[in-house]
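Below is one structure, written out as structure tokens; comments come after it.
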Amino acid sequence: MHPLLQTSIVATAFFANALVLVLFMLRPSRQAKRIFDLTRNPSFYIDDPKESARQGLTHAIRFLRAQLGLRDNAKLKERLFAAGLRDPGDADLYFALRLLGPLAAVIAGSFISDNMTYWIFGLVVVAIFVPDFVLTEMIRRRREKIRRGMADAIDLLVICVEAGQGLDQALLRSGQELALSHPCIAEEFTQINLEQRAGKERIEAWRSMAERTKLDVIKGFTSMLAQTDRFGTPIAKALTTFSDGMRMKRRQQAEEMAAKTTVKLVFPLVLFIFPSIFIVLLGPALITIMKSLSTGFR
């Protein structure tokens, strides 16, 4: 047996036994779990085996992080919030993927007999970069959803404000109405409302959303709110003007993308369509010329 394969099998057995022991050691008793759940949600109590397993795994990951001296990273927490992952266990899951992913890659690569070292190295590199890539892609998609739905959200804010509600009440109502069509915006509006209830000012709460999303639309909206509070401009008129400007900008972006289509079509035309046309048009002529030349030289 190959020494690397033998080492991988021993390491797998060791870490599996250690994980099972940690889960059993950190598993709370039924009475302690009932007290914790009743404290967290006193309205009802449900003994869910899946939730118990998830909590046990979370405790095991936190114990492993504490032993390795890995603390919470503020930048990572900001990225998780930008991706819409606000559960405290999501950070533990991310660390588990970053720590245990390379180990799983080594174990998986050790079972490949051909070019074992190459496969182990490649799988380890993939396991290291995949969690960060997935998190970055989740952030990008969420920002794109917020950018596309912000115009509708501001229109709904305008309707609520013109109906007589204040901006805070309109924000809460808009978040409730957008829960199905634009859940990402509804989550951000709910977060802003919670921050304002905690004592943060309205402008600071919107600036926090702008920092999480890093979108020019939210930054412009925050600047508009700040100017409205400073100069006393009617909020409904300011929201209407801002919404009209957003829709005009989206229309201009669509026209710009449509204008770029003709330039982008040049590459498939040159690479795929033109060679086929040349073969169809010039192929018979070349065959005839070659036959004529072959008969002429005889």
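The table below gives the values:
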quantity	calculated
Residue pairs meeting the criteria (Cβ under 6 Å; at least 6 apart or on separate chains; first under 26 Å from residue 11 (Cβ atoms), in segment 88-101; second among the charged types (D, E, K, R))	92/62; 95/65
Qualifying residue in segment 207-227 (condition: under 19 Å from residue 170 (Cβ atoms), over 28 Å from the mean Cα position of the chain (by Cα) and either not small (Gly, Ala, Ser) or not in a helix (DSSP H, G or I) (or both))	yes
Among the candidates 135, 85, 103, residue that is assigned to a helix (DSSP H, G or I) and modelled with pLDDT under 85	103
Selected residue [modelled with pLDDT under 70 and either part of a helix (DSSP H, G or I) or touching a strand residue (DSSP E or B) at 6+ places or on another chain (Cβ under 7 Å) (or both)] from 56, 109	56
Inter-residue pairs, beta-carbon under 8 Å, first surrounded by 10 or more Cβ atoms within 10 Å (Cβ to Cβ) and in segment 241-270, second not aliphatic (A, V, I, L, M), 6+ apart	242/220; 242/221; 243/155
Complete set of residues in segment 106-142 that are closer than 16 Å to residue 216 by Cα and either among the hydrophobic types (A, V, I, L, M, F, W, C) or in contact with a Lys or Arg (Cβ under 7 Å, 6 or more places away or on another chain) (or both)	139
Conditions (1) at pLDDT 80 or above; (2) surrounded by 10 or more Cβ atoms within 10 Å (Cβ to Cβ); number of the one not met by residue 233	(1)
Yes/no for residue 69 being surrounded by 15 or more Cβ atoms within 10 Å (Cβ to Cβ), at pLDDT below 80 and over 20 Å from the mean Cα position of the chain (by Cα)	no
Sole residue being outside the structural domain of residue 235 (by TED's automatic domain parsing) and either surrounded by 14 or more Cβ atoms within 10 Å (Cβ to Cβ) or at positive phi (or both), chosen from 164, 109	109
Residue 237 vs. criteria assigned to a helix (DSSP H, G or I) and free of Cβ contacts under 8 Å to residues at least 12 places away in the same chain	yes
Test: residue in segment 116-128 that is at positive phi, free of Cβ contacts under 8 Å to residues at least 24 places away in the same chain and surrounded by fewer than 16 Cβ atoms within 10 Å (Cβ to Cβ)	no
In segment 167-200, the residues that are aliphatic (A, V, I, L, M) and either under 18 Å from residue 144 (Cα atoms) or surrounded by 15 or more Cβ atoms within 10 Å (Cβ to Cβ) (or both)	167, 170, 171, 172, 178, 179, 180, 185, 186, 192
Residue 212 loosely packed, with under 13 Cβ neighbours inside 10 Å and assigned by TED's automatic domain parsing to the domain that holds residue 166	no
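Yes or no, residue by residue, for (1) farther than 25 Å from residue 248 by Cβ; (2) outside the structural domain of residue 218 (by TED's automatic domain parsing); (3) not in a helix (DSSP H, G or I):
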site	(1), (2), (3)
128	yes, yes, no
157	no, no, no
170	no, no, no
173	yes, no, no
185	no, no, no
192	yes, no, no
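The values are calculated or read from the model by the stated rules, or taken from the named source; none is laboratory data. Bear in mind the structure is a predicted one, so any value in this text is a computation, not a measurement. All Cβ positions, even for glycine, are placed from backbone atoms using ideal geometry, and neighbour counts span all protein chains on display.
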